[in-house]
1. Are any of the residues in the range 487-497 under 33 Å from the mean Cα position of the chain (by Cα) and surrounded by 14 or more Cβ atoms within 10 Å (Cβ to Cβ)?
2. Which of (1) under 30 Å from Gln415 (Cβ atoms); (2) over 27 Å from the mean Cα position of the chain (by Cα) is the odd one out, the single condition Gln296 does not satisfy?
3. Give the residues of the range 322-341 that are at pLDDT 95 or above, touching a Ser or Thr at 6+ places or on another chain (Cβ under 6 Å) and over 17 Å from Glu291 (Cβ atoms), sorted by residue number.
4. Of all the residues that make up the range 220-260, how many are touching a Lys or Arg at 6+ places or on another chain (Cβ under 6 Å), among the small types (Gly, Ala, Ser) and buried (at least 20 other Cβ atoms within 10 Å of the Cβ)?
5. Identify the single condition in (1) in a strand (DSSP E or B); (2) more than 49 Å from the chain's Cα centre (by Cα); (3) surrounded by 13 or more Cβ atoms within 10 Å (Cβ to Cβ) that Gln80 does not satisfy, given that it satisfies every other one.
6. Of the residues that sit in the range 411-455 and are out of contact with any Phe, Trp or Tyr (no Cβ under 9 Å at 6 or more places or on another chain) and part of a strand (DSSP E or B), which one is surrounded by the most Cβ atoms within 10 Å (Cβ to Cβ)?
7. Output the residues belonging to the range 198-217 that are more than 27 Å from Pro97 (Cα to Cα), without any contact (Cβ under 8 Å) to a residue 24 or more places away in the chain and not polar (S, T, N, Q).
8. Tell me whether the range 232-240 contains one or more residues that are at pLDDT below 95 and hydrophobic (A, V, I, L, M, F, W, C).
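The values are calculated or read from the model by the stated rules, or taken from the named source; none is laboratory data. Quick caveat, the model's predicted, so the values are computed rather than measured. For neighbour counting, all protein chains shown are included, and Cβ atoms are generated from backbone atoms with ideal geometry for every residue, glycine included.
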Amino acid sequence: MKFESQNSRRRAKQMGSAPSAPGCIEHLETRSLLTAPSLLTPAPESIVYDETPVITWEATDNAVSYDLWLTDADERVPLQVISNINATNIELTTPLPLARIRAWVRANFADSSSTAWSAPTHFVVQQRPTITGPVNPNLPALPGKLNTSSATVTWNSAAGASSFEIWFRRVTDNTETTITVANPGPTVDADGNPIVDGNGDQVTGQVRAYNLGTNLSMGQYQVSIRAIDSVGRATPWSNVHRFEIAPAVQISRPSGYTFQNPPLLEWKPVAGATHYDLWVARAGQEGAGQELVRQQSLTGTSYQLPKALADGDYVFWVRARRITSGRPEVTGIWSNRSDFSPITSNTESSTFRVVQINGPAGTTGLDPNVRLVTDLRPTVTWDAIDKAARYDVWVDRATGRSGYIQSTSSVSSWQFPSDLEAGKYIVWVRALSPTGVATRWSLPWEFTATGGVPVILSPAANSTAFPLPTITWTPVADAATYEVWISQVGVNFTYLVQNGIATNSFTPANPLDAGTYRVWVRAITSTGSALTWSSAVQFVVADADSSAPTKDVLLTSAVQEPLTPPVAVTRRAKPAVDATEQVQVTRTVTVRRDQNSRSAAETPVEPPVVDAAAPAMISTPVSTDEIPAATVEELASRFVAETWWASNTEES
C-alpha cells in the first residue's frame, strides 16, 4: 500500500473532523499472506457525473464482508468509511463532493482477520448542477412566465464547489454574459438582505441562488450554470433553463362606478412592451367570442370606447406584448379583471346605492352590535366613484340634530374638523359628476363616538376578579400611551396609578388585597395631553380564604358617591364622574357650507330623502329633565368638599 507524506496543516484538518479511518500502519508480515480485492468501478482516473456512484470490486475467496474507505485526494481529508458490506458493490447514500476521490477496499474473514487495503483507485466527481428556478408558482400551466421584472436563478449542486459560472442570455435582445459567483458566499434572507451573526459579522454559507436583475425588460431569457471545484475543474453545464419576463398589466381605471360614459380605459405601461391586447365584455358574458371590444395591437396605455355603454356591469382585461423583428413574440400575463359600471339614468332610478361607505370601522366593545370609534376626529371613508368631481357628506346626531354637519370632499375620505363629543352619529355620502349630476345618498353608516375615551372591556362590571386582574380596554387612535387608576372603595388613598402603558392592557405587578375596587383608564397623546377618563368599572377581588366572596353594595346616587378617585389626591387630575351619574352640559356645533357660494351647475346639498334605504331624519327631542347650570355647579362643589368615602364607611 502506498502512503503519502502530509504537511502539518493538512494533517490537522484530517484529524480535526474526519470520521474514524483504518490505520495506515499494518503488520506487513500478516497482510502479505492475504490477497486484497481490486476495485473495478469507477474506472481509474475516470470522471463520474454522479455524487452517489455505485462502487464495485472483485470478490475474495472466503470473505464474509468488505470495508470501503474514501478520501478527498485534493484536500487530503477522509470522507467515508463503510464497514461490513455484505456484497461486492455498494451505491453510496452519502453524496461525495466535487473533487478527486481516492478509494480503497479490503476483505474481512470469519476469524476476524482482514486482507490488506487494495491499491487506491482515483476518480473525479463532476456532477453538474440542476437549475430549479426562476419559476412562477402561481402559474403551473406556464411556470416559466414570470409576473415580475425580477428574476433569481436557483440551483442544486454537489458540495465542494469553490465558485459557480452562470451563463445568462437575453434572447429578445440577442445578448449574453457569463457571471462568476463565489462559494461559500454571504447568506441573505428572503428579502435579499445579508444575514449577520451576534457580533455583526456577515454569515457565509453555500450559495445556491443569484439575482439576475430587478429591472429586467419584458422578453425571453435563458440561463445555464456549472460548478468549479477547489482545484479549478469545471463540471458540465446544466440543462438550459428558459423563462420569460412577462408581468401582468396594472389597470388604472375605471374600477367600480364611473360617471364617464363612454369610459376611457387606462393602464400602466410595462417595460419593454411594444403593444397591448385589450378585451372588454359584459360581466357574466366573458367567454371567447362574447367580447364587446377586442383590440390586440394597441400601442398606447389607454383606449377610448367608441360609444356610450348601456346600463349594466362590464369587465375588461389587458395584457402586454413585445414584438421584435426576427425574435419570438412575448405575450404577458393577463391583468386582473377590472369591473366597472357606468352611471346612467337607469342606475340612479334603481334602489341600489352607488356610494359604499366603509369607515370609520371602529371596534366592538361590550356590545358587538355597536361600532365604537375612539378617534377624537374620525375619518369617514368610502369607495371612490370614477370621475367624480366631489362628494357630499351629511352627518346627523342620534340626539335628533338633522344636518349636524354638511360638508364636501374632493377625495373618497373626509375627516371631522373638530373633536367629537361622545355619542351616536349617522353618516351619508353621495357623489357628484363634473356637470353636477348627483348619485343617490349612500346607505347610512352608524357609529358611536367615545370622544377619545377608552371603554374598559375587562374585568366586567361587578364581577369577581383574581388578585392579579388584567385590565383591558378599547384602543384609542390618538393615544401614545395610557394611564390606569385603580382605587379601593372605602379606603382613603390612591391604591394604584400606572402611566406610560404602551398597549391596551395592564396587569398589576403585585396582587390586590381582597376588597372592592374601581378602575379608570385614559389616553395620553403624543404631545403629552391627557384625554378624558373612562367611565369607572367596579369589580371585587375575593379573599383567598373565601370560596364565595360577597360584593359590596354601593350607593349609586351622584350626590352621595360619584365614581371618582378620592378627592384627597390633588396632584393628579381625577377621572371624571361616571357618565351614568354625572350631569352633562353638551354643545352642538353645526358646520354648514355657504349656500350662496354654490355655482348654478351644482346640485344643492340636501338631507337624504325619506325612502326605504335612507330613513327620515330624527327629530330633535324635547328635554324634560334639564338641570340648570347653577345646580350643576353646586353639585360639583359638594363632590369636592365632602369626604364621601369616610361617610360611606361609617354607614356601612
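1. The initial filter retains those residues of the range 487-497 that are under 33 Å from the mean Cα position of the chain (by Cα), namely none.
Looking through the range 487-497, none of the residues is under 33 Å from the mean Cα position of the chain (by Cα) and surrounded by 14 or more Cβ atoms within 10 Å (Cβ to Cβ).
2. Status for Gln296: all satisfied but (1).
3. Of everything in the range 322-341, those that are at pLDDT 95 or above, touching a Ser or Thr at 6+ places or on another chain (Cβ under 6 Å) and over 17 Å from Glu291 (Cβ atoms) turn out to be Arg322, Ile323.
4. 2
5. Gln80 satisfies every listed condition except (2).
6. This residue is Ala438.
7. Residues satisfying the conditions are Gly198, Gly200, Asp201.
8. First, the residues of the range 232-240 that are at pLDDT below 95: none.
Taking every residue of the range 232-240 in turn, none turns out to be at pLDDT below 95 and hydrophobic (A, V, I, L, M, F, W, C).
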